[in-house]
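Structure first, then comments.
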Amino acid sequence: MEVIAVIAPLVGAIMAGFFSRFLGDRGAQFITCALMGLAAACALVLFKQIDFGGMSGAEVAHVVPLFTWISSGALNISWALQFDQLSAVMVVVVTVVSFCVHVYSVGYMHHDACKARFMAYLSLFSFAMLMLVTASNFVQLFFGWEGVGLASYLLIGFWNYKESANNAAIKAFVMNRIGDFGLALGIFAVFKLFGTLDFSAVFSSVESVKDVQMEFLGHHVHALTLIGFLLFIGAMGKSAQLGLHTWLPDAMEGPTPVSALIHAATMVTAGVFLVARMSPIYEYAPDARAFITVIGALTALIAATIAVTQFDIKRVIAYSTMSQLGYMFFALGVSAYGAAMFHLFTHAFFKALLFLGAGSVIHAMSDEQDMRKMGGIWKLIPITYAMMWIGSLALAGVPFFAGYYSKDMILESAFAAHTQLGEFAYWCGIAAAFLTAFYSWRLIFMTFHGRPRADEKVMAHVHESPLIMTMPLAVLAAGAIAGGWLFFGDFVGKLHPFFWGKSLFVMPDTDIMEQAEHIDKFHAHLPTMVGAVGILLAYLFYVKARHWPAIVAGHAKGIYELLYNKWYFDELYNIIGVIPAFFIGKKLWKVGDGKIIDGLGPDGIAATVSASSEGAGELQSGYVYHYAFSMLIGVVVIVSAYIFYAYR
């Protein structure tokens, strides 16, 4: 069953990718959806057996060995599937959301000419992600990590006839390579310190090397802290944390199902999973966790500030994803690993719901994505409207929806840490919660309410999406409604030590999530209160007094421009990175390669030979007296040289 859960999407990708000529588009769609559904069914069974079976006290975590992959000296790498509580949660998230996206894509990509190729890419991505989360060693994890990067490149640039899509795919690929370089260095450091890359062997030896120093760039540093920093750099790239985040909004150039699969539930959560999996290392690297806390808190806040000024419906949700990932990371930073994974679990459902709901809106609006050109359509697409409300309620942390339970637990854990960084993260999270509620209802009101702002031709074609697209929305909506209260006690409540078993490691007597249950009521309920204020303010700005946003933007023009231009990160990187790189590249190309290497090398030699040949050719005049004169000069030169050297 474990093998089927992981390999089934690969089989679907191969069949759709290589045999679509025989299967046809319909056959490719059916096979990929069926195999993804089979993987999801197996994942649900494994989730019940492993996560809930372990709560009885039995050890249900296990490794399924497949074959020996690498055997070279001291390095022995087996290809195996590790199924414990942490990987079981990730597998069920990946497969269920991916299955919904596969089914949704059948309707959304109905008019596309390359349906089979798209379905093959989706299944390939799902397989790579499953390999990542079930890896039993660092090399296998890196294989899945790079496979996810490759598949995301293919999916973001799927509409390769659009220059913007090609540029976005390249940008995502390059930004992720920066993070992956840090991850690779971290893996090298792990092997140098532990002499193995197997998870179980590394984690069992962490305590014995907790004080070991390692030389890095000419300095002696704490080895586990160095490893923690390097691994987190990889997580920053994949999970779009502040500094390596600029690829995420541009990746919205891909089809909307891609946004839902990659940028809501799966690829961007790989970094969260990585840090959670490495919890035995991070528990002995407090400085690395402090850095994670700061980056996560700043990411949550800054992404939320950008989202309030964007008008592209998918970009608003993309920045929302970045902000929610920040929550997850600062939870990891304060050792609330279970809270981070709980938010990852609930967020997958309501954010995929929002992305697919946005896709349904775009489908209804004839591919329009600018919210300024929408409005007045809620009665025309009532199912999509209801689904977007559910997703937004969960995202804003409204009580009894999934996000309320998971996001509040993160904030309570940060406050319960009773550290300066914990309080810093808490207040950044509170500000982000207010902004999240505001921009979520800004999206709802601008998209669905008010007078129609689209032209009459577009409005005449507004219609509800077909059943093949709305059914997956209903499945995800169920998770957005029930995922919080249904699993709260298991993920982060009193049962969480039994639920997670040994898959998450926390220092003895430092259970932050248990302490979070005892913080004062004001700080516990503050996220809900600021969320309500944010919703009310959005209602005033975009329903009752629609002229207020322009007035505020006019009075705070500098701040508005800063946020609208995304804190000028792209412009900054363009100045300090892109322009110098192009300048140096052009100089190396034109001067270094063209004039120096080629000029003095093959091209220069060829030119010299050619010029010499032309000069020698001019001597061939055909007149005998010219040749006699040349011979006489030669004789004079030879005789003169002989006399000079003979009598010197």
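Which residues, taken from segment 168-200, are of a type in the set (Asp, Glu), in a helix (DSSP H, G or I) and out of contact with any Gly (no Cβ under 7 Å at 6 or more places or on another chain)? Break it down into steps so the answer makes sense when it comes.
Restricting attention to segment 168-200, the residues satisfying the condition of being of a type in the set (Asp, Glu) are 180, 198.
Then drop every residue that is not in a helix (DSSP H, G or I), which leaves 180.
Scanning segment 168-200 gives no hits.
Could you look through segment 155-167, keep only residues that are without any contact (Cβ under 8 Å) to a residue 40 or more places away in the chain and either within 20 Å of Val6 (Cβ to Cβ) or in a loop (DSSP other than H, G, I, E, B) (or both), and pick out the one that is most open to solvent (accessible area, probe 1.4 Å)?
Just the residues of segment 155-167 that are without any contact (Cβ under 8 Å) to a residue 40 or more places away in the chain, to begin with: 160-161, 163, 166.
Next, only the ones that are either within 20 Å of Val6 (Cβ to Cβ) or in a loop (DSSP other than H, G, I, E, B) (or both) stay: 160-161.
Details: Asn160: 86, Tyr161: 168 Å².
Filtering first and then ranking leaves Tyr161.
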Quick test for you: out of Thr447, Thr419, Thr470, pick the one residue that is under 23 Å from Gly326 (Cα atoms) and polar (S, T, N, Q). Thr419
For Gly326, state whether it is within 22 Å of Lys407 (Cβ to Cβ), open to solvent by less than 10 Å² (accessible area, probe 1.4 Å), touching a helix residue (DSSP H, G or I) at 6+ places or on another chain (Cβ under 8 Å) and not charged (D, E, K, R). yes
Inside segment 421-450, the number of residues satisfying the requirement of being within 27 Å of Gly359 (Cβ to Cβ) and assigned to a helix (DSSP H, G or I) is 16
Between Ala189, Ala240, which is at positive phi and touching a helix residue (DSSP H, G or I) at 6+ places or on another chain (Cβ under 6 Å)? Ala240
Can you name the residue in segment 168-200 that is of a type in the set (Val, Ile, Thr) and open to solvent by less than 50 Å² (accessible area, probe 1.4 Å) and, of all such residues, is nearest to Val221 (Cα to Cα)? Val190
How about segment 112-127: which of its residues are farther than 21 Å from Ala5 by Cα and open to solvent by 10 Å² or more (accessible area, probe 1.4 Å)? Asp112, Ala113, Cys114, Lys115, Arg117
Residues of segment 476-487 satisfying the condition of being surrounded by fewer than 20 Cβ atoms within 10 Å (Cβ to Cβ) and either touching a Ser or Thr at 6+ places or on another chain (Cβ under 6 Å) or over 18 Å from Ala396 (Cβ atoms) (or both): Ala478, Leu486
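Is there a residue in segment 444-462 that is within 30 Å of Asp51 (Cβ to Cβ), open to solvent by less than 20 Å² (accessible area, probe 1.4 Å) and in contact with a Gly (Cβ under 9 Å, 6 or more places away or on another chain)? Break it down into steps so the answer makes sense when it comes.
Taking segment 444-462 as the starting set, the residues that turn out to be within 30 Å of Asp51 (Cβ to Cβ) are none.
No - not one qualifying residue is present in segment 444-462.
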Yes or no: Trp441 closer than 30 Å to Val492 by Cβ, without any contact (Cβ under 8 Å) to a residue 12 or more places away in the chain and not β-branched (Val, Ile, Thr)? no
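Of all helices (runs of 4 or more DSSP H) completely enclosed by segment 516-616, which ones contain at least 1 residues that are of a type in the set (S, T, N, Q)? Lay out the reasoning, then the answer.
Numbers: elements: 521-539, 548-555, 557-564, 569-573, 579-587.
So the answer is 521-539.
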Boolean, Leu75 is more than 25 Å from the chain's Cα centre (by Cα), open to solvent by 10 Å² or more (accessible area, probe 1.4 Å) and modelled with pLDDT of 95 or more: no
Going by what's in this entry, would Arg453 be described as touching a residue at least 60 places away in the same chain (Cβ under 8 Å), farther than 24 Å from Arg277 by Cα and not in a helix (DSSP H, G or I)? yes
Consider only pairs whose beta carbons are under 8 Å apart and that are at least six residues apart or on different chains; among these, list those whose first residue lies in segment 65-80 and is aromatic (Phe, Trp, Tyr) and whose second residue is open to solvent by less than 90 Å² (accessible area, probe 1.4 Å) and not in a strand (DSSP E or B). Trp69/Val139; Trp69/Gln140; Trp79/Gln140
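Hey, could you check segment 617-644 for residues that are outside any helix (DSSP H, G or I) and open to solvent by less than 90 Å² (accessible area, probe 1.4 Å) and say which is modelled with the lowest pLDDT?
Here is the first cut: in segment 617-644, the residues outside any helix (DSSP H, G or I) are 619-623.
Of the ones still in play, those that are also open to solvent by less than 90 Å² (accessible area, probe 1.4 Å) are 621-622.
Working: Ser621: 72, Gly622: 75.
Applying the filter and picking the extreme gives Ser621.
For (1) at pLDDT 80 or above; (2) farther than 30 Å from Ala240 by Cα; (3) open to solvent by less than 60 Å² (accessible area, probe 1.4 Å), each residue gets a yes or a no:
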residue	(1), (2), (3)
Val543	yes, yes, yes
Gly554	yes, yes, yes
Tyr564	yes, no, no
Ile579	yes, no, no
Lys587	yes, yes, no
Lys590	yes, yes, no
Answer yes if at least one residue in segment 130-140 is modelled with pLDDT of 90 or more and either charged (D, E, K, R) or open to solvent by 20 Å² or more (accessible area, probe 1.4 Å) (or both), and no otherwise. yes
Among the residues of segment 549-607, write down those that are over 21 Å from Met446 (Cβ atoms) and touching a residue at least 12 places away in the same chain (Cβ under 8 Å). Trp567, Phe569, Asp570, Tyr573
Could you tell me whether any residue of segment 398-409 is buried (at least 24 other Cβ atoms within 10 Å of the Cβ), in contact with a His (Cβ under 6 Å, 6 or more places away or on another chain), under 17 Å from Leu526 (Cα atoms) and among the small types (Gly, Ala, Ser)? yes
Failed criterion for Ile390 (all others in (1) surrounded by 18 or more Cβ atoms within 10 Å (Cβ to Cβ); (2) of a type outside the set (Phe, Trp, Tyr); (3) under 22 Å from Arg289 (Cα atoms) hold): (3)
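The values are calculated or read from the model by the stated rules, or taken from the named source; none is laboratory data. Note that the structure is predicted; figures quoted are calculated from it, not measured. Backbone-built Cβ (ideal geometry, glycine too); neighbour counts: all protein chains shown. Note: areas computed on protein heavy atoms with side chains; ligands, DNA, RNA excluded. Shrake-Rupley method; radii C 1.70, N 1.55, O 1.52, S 1.80 Å.
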